[in-house]
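Student: Before I ask anything, let me first share the structure, which is written out below as structure tokens.
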Amino acid sequence: MSSHVGRNSARSAGSAESISVVIAAFHALPLLDEQLHALAGQDFDGRFEVVISDNAGESALRTHVEGHPLREQLALRWVDSSSVPGTSSARNVGTRASRYPFVAYCDQDDRVHPGWLTAMASASASFDLVGGPLEKHTLNDPVVARWRALPEPDELQVLGRFLPITFGCNLGIWREVFDDIGGWDESYPAAGSDVEFCWRAQIKGYTLGNSPEAIVAYRFRTGMRESWRQVVSYAEEEARVARQYDAPGRAWYWPLVHAGVVVALLPVWPWAWSRSRRGEWVWTTGNLVGRIKGSIKYRIVYL
């Protein structure tokens, strides 16, 4: 496990023996059931509950959850978080409705691996916040899986040459740390929220650790337009967080390298005609465009 060491600690004794799993939901059916079945297959020896925080406030989802065959096994509950739109608000509402001292977040359309909660609990003995790797092969077509690179499982990703982060869809935190830092910043409805959350906790002195065994199968967007909108939004809001925390950004030569990759992957070249290559170009180019937009919007050079 790796960490960013801070001055505070929320750990009073040992690892988490009971965990609240919070899922921010928005038009979650039918994919939510795949995640719920994965949670039912956990090898965790402690107690856990699953809180579905519904940002759409759908009566159909509430009925589905309250009558779900796994309801008792998962201690499954539905809470309404539709008053303020956004994933951050949904996670805040779900967390504040939770019962246990450690909270683990996953998303409605992903699938946690069987040892996810056990690994989260184990790492919670050493860290205030815990992240784990995402894997892209279980839920994605091999062509789509080539579009994006994910961080190596044994290390946390460092953004902006500043501080490490973990993804909001695979993050655990002691509830008292969540309360102390004020929860998720709802001015970041979705993109950039996990970066801001992780940086704020570490700046306040809390420790962020990585558990390579806390694996989540991550589902990519399959359409080019969807992927473009997603990556542009990610990069644009990353620039916002960098401005907020005065992160230095990439080394001066990286924008030139990035632009070179964009040109090399242009779909006009014969080696870039395949769908996988076009998807790589969309993701790489969208990231650069988002950085440019974010730099202009938030008045920071974050290329």
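The values are calculated or read from the model by the stated rules, or taken from the named source; none is laboratory data. As the structure is a prediction and not an experimental result, all values here were calculated from the model. All Cβ positions, even for glycine, are placed from backbone atoms using ideal geometry, and neighbour counts span all protein chains on display. To get the accessible areas, we keep the full protein, side chains included, count just its heavy atoms, and leave off ligands, DNA and RNA. Shrake-Rupley method; radii C 1.70, N 1.55, O 1.52, S 1.80 Å.
Student: Please go through the range 225-249 and pick out each residue that is of a type outside the set (A, V, I, L, M) and under 29 Å from ARG275 (Cβ atoms).
Tutor: Selection gives ARG225, GLU226, SER227, TRP228, ARG229, GLN230, SER233, TYR234, GLU236, GLU237, GLU238.
Student: Next question. Would you confirm whether any residue within the range 90-110 is out of contact with any Asp or Glu (no Cβ under 7 Å at 6 or more places or on another chain) and without any contact (Cβ under 8 Å) to a residue 60 or more places away in the chain?
Tutor: Looking for residues that are out of contact with any Asp or Glu (no Cβ under 7 Å at 6 or more places or on another chain) and without any contact (Cβ under 8 Å) to a residue 60 or more places away in the chain, one finds at least one in the range 90-110, hence yes.
Yes/no matrix, rows are residues, columns are (1) surrounded by fewer than 17 Cβ atoms within 10 Å (Cβ to Cβ); (2) in a helix (DSSP H, G or I); (3) touching a residue at least 60 places away in the same chain (Cβ under 8 Å):
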site: ALA239; (1), (2), (3): no, yes, yes
site: VAL257; (1), (2), (3): yes, yes, no
site: GLY260; (1), (2), (3): yes, yes, no
site: TRP281; (1), (2), (3): no, yes, no
site: ILE296; (1), (2), (3): yes, yes, no
site: VAL301; (1), (2), (3): yes, no, no
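Student: Please indicate, with yes or no, whether at least one residue in the range 61-72 is loosely packed, with under 15 Cβ neighbours inside 10 Å, in contact (Cβ under 8 Å) with a residue 12 or more places away in the chain, in a helix (DSSP H, G or I) and acidic (Asp, Glu).
Tutor: Taking every residue of the range 61-72 in turn, at least one turns out to be loosely packed, with under 15 Cβ neighbours inside 10 Å, in contact (Cβ under 8 Å) with a residue 12 or more places away in the chain, in a helix (DSSP H, G or I) and acidic (Asp, Glu).
Student: Six or more apart or on different chains, Cβ under 6 Å: which pairs go from a residue in the range 189-217 that's within 13 Å of GLU238 (Cα to Cα) to one that's of a type in the set (Val, Ile, Thr) and not in a loop (DSSP other than H, G, I, E, B)? Could you list them?
Tutor: ALA190/THR87; GLY192/VAL241; VAL195/ILE165; VAL195/VAL241; GLU196/VAL241; CYS198/ILE165
Student: Still on this structure: How about the range 30-43: which of its residues are open to solvent by 30 Å² or more (accessible area, probe 1.4 Å), in contact with a helix residue (DSSP H, G or I) (Cβ under 9 Å, 6 or more places away or on another chain) and not in a helix (DSSP H, G or I)?
Tutor: ASP43
Student: Kindly list the number of the only condition in (1) within 29 Å of ARG221 (Cβ to Cβ); (2) touching a residue at least 40 places away in the same chain (Cβ under 8 Å) that fails for PHE44.
Tutor: PHE44 satisfies all of (1) within 29 Å of ARG221 (Cβ to Cβ); (2) touching a residue at least 40 places away in the same chain (Cβ under 8 Å) except (1).
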